[in-house]
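Worksheet: one structure, shown below.
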Amino acid sequence: MMTEKTIMSDRNWFVHHRQDWIAETIRIFGFINREHIELKFGISTPQASMDLRHYQNEHPGEIKYNKSAKRYEASALSSQHHLSPPRNMMDGLAKAVQGPSETREPTARSPQDRAETPISPSERETP
């Protein structure tokens, strides 16, 4: 059974998750607008506005609204320390893409490889 405390805890998780996503989007792209948040999370325009106001209050000076582009953009202060992803994120991404080389299983062999390499009994197809 959901209690009021559980509901508030869940709500706080969603707010925190959206705040993290806003920060990441600004860091990667340098800008964000309400529509981005609405589409990503399926929330209303007023809720997206509240999320952006909350982000501005929690991170003063990091984003500013560009009226002509109708979007929030990273300020000079923000862009100085958010231009590149953290080193540990890049290391993790590289490992995920490459995988551990010594434990990687061989992938499907090309026809040329099959002609040159004998097939073991476990690799033979059975009808």
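For region 26-34, the condition of being touching a residue at least 40 places away in the same chain (Cβ under 8 Å), buried (at least 17 other Cβ atoms within 10 Å of the Cβ) and assigned to a helix (DSSP H, G or I) holds for at least one residue. For region 35-46, a residue qualifies if it is surrounded by fewer than 16 Cβ atoms within 10 Å (Cβ to Cβ) and over 13 Å from Lys70 (Cβ atoms), and the qualifying residues are Leu39, Lys40, Phe41, Gly42, Ser44, Pro46.
FYI, it's all coordinate maths here, none of it is from the lab. From a predicted model like this one, the values you see are computed outputs, not experimental measurements. Glycine also receives a Cβ, built like all others from the backbone with ideal geometry; neighbour counts cover every protein chain displayed.
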